[in-house]
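Notes for the one structure printed next.
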Amino acid sequence: MSEDSAAQPRIHWFARLEHRLHAWRERWARRRGRSATVLPFPGYGGTGWVRVVGRVLIVPPRRRTENGEYASVRGWRSFVGIPIGFARAHVTICGQTHEVIADRGGVIDAVIPAELAPGWQGFTMSVEGQEPVEATAYIVADDVEFGVLSDIDDTVMVTALPRPFVAAWNSFVIDEHARQPVPGMAVLLDQLIQQNPGSPIIYLSTGAWNVAPTLTRFMSRHLFPSGAMLLTDWGPTHDRWFRSGREHKLTNLRRIATEFPHMKWLLIGDDGQHDEAIYSEFMQEHPELVAGVAIRRLSTAEAMLAGGRAVSDDHSDGATPWVAASDGAGLRERLTDVGILQS
């Protein structure tokens with residue numbers, strides 16, 4: 001064995017199998033005349049740069065109802081799109097076109113140089129000569145010093161995600177209109193943004209990119225404030241059966257800390273997964289970047305579905321506010337008590 005080949009990481013057999021399956025599905029779809037499209041997801045950026053996020057897929061057509069809206073969507077439909085690995089996409093920002101390459105799962109996650117004004121800004125993305133589609137990103141001004149980073153599953157939306165069978169039921173079967181928001185969370189997040197003009201909100205979840213369009217419609221329907229969305233690509237990596245949700249969250253938290261070293265973040269999550277441990281670790285690494293932590297306590301029934309509660313350290317004596325409550329109204333009250341929200 002050569003020295004070069006020995007240095008190369010061995011790809012997990014299940015990842016190779018997944019790649020072959022997607023390649024076969026892509027050939028099958030293209031023989032039937034179907035083309036790829038790019039699905040943009042809300043990104044974010046700062047002065048001189050923007051993080052562009054999307055996914056290149058061959059997606060099945062969707063049926064519309066008589067009033068022109070899309071018909072009811074079962075979760076499994078979000079997973080039947082065919083990801084186009086290593087696709088070349090074109091992003092046009094400020095009149096300049098940049099080529100970006102998707103990863104093995106068709107996910108685009110690239111930083112592009114661009115001078116955009118603060119706030120929500122638009123640009124276009126295209127692939128394979130198709131019509132460009134509109135994309136957005138929230139640009140953070142240099143003088144903004146506060147941001148909100150929130151989990152999604154069981155924090156803003158009731159899903160009981162950690163338990164595998166329940167997760168599969170919620171992801172693949174349940175109609176998106178049957179999903180329920182956590183009471184008071186939309187009001188809480190909206191109040192945080194209203195009291196901190198210009199502040200970004202980033203939704204960081206271990207959920208799959210496949211459900212991003214569903215989540216976007218859900219949040220819009222239940223009046224959650226718009227924000228950038230950072231999900232993950234379910235499935236195997238080059239060295240393991242399944243992606244690590246904990247690693248995904250910590251990696252993105254550390255990246256955001258590097259991108260916005262002058263900002264403090266309110267971290268919002270729940271006690272049914274690893275949010276408390278993840279936020280504790282991040283807070284130990286970057287105590288100066290954490291404005292506070294707000295944890296939604298699951299009900300007894302939700303905790304049972306989620307496989308129990310996470311073990312939490314005692315943060316009552318810490319310098320950084322750490323609050324907990326069962327819903328958005330309770331968290332609003334406690335965040336007001338510690339001075340993060342104004343009454």
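Worth pointing out:
- Sorting 145, 128, 281 by accessible area puts them as 145, 128, 281; the probe is 1.4 Å, largest comes first, and only protein heavy atoms count.
- Förster radius 45 Å - calculated FRET efficiency between residue 25 and residue 327 (Cβ-Cβ, nearest 0.05): 0.60
- Cα→Cβ-extended label distance, 7 Å offset, between residue 264 and residue 299, nm: 3.4 nm
- Distance in nm between pseudo-label sites at residue 96 and residue 133 (7 Å out along the Cβ direction from Cα): 2.5 nm
- Extension gain for the segment residue 111 to residue 284, taken as residue separation times 0.36 nm less the Cα-Cα distance, is 59.5 nm to one decimal.
- Per-residue surface analysis assigns residue 142 an accessible area of about 110 Å², computed on protein heavy atoms at 1.4 Å probe radius.
The values are calculated or read from the model by the stated rules, or taken from the named source; none is laboratory data. As the structure is a prediction and not an experimental result, all values here were calculated from the model. Cβ coordinates were reconstructed from backbone atoms using ideal geometry, including for glycine residues, and neighbour counts include every protein chain displayed. Each accessible area value is taken on the protein alone, full model and side chains, heavy atoms only, with ligands, DNA and RNA left out. Shrake-Rupley method; radii C 1.70, N 1.55, O 1.52, S 1.80 Å.
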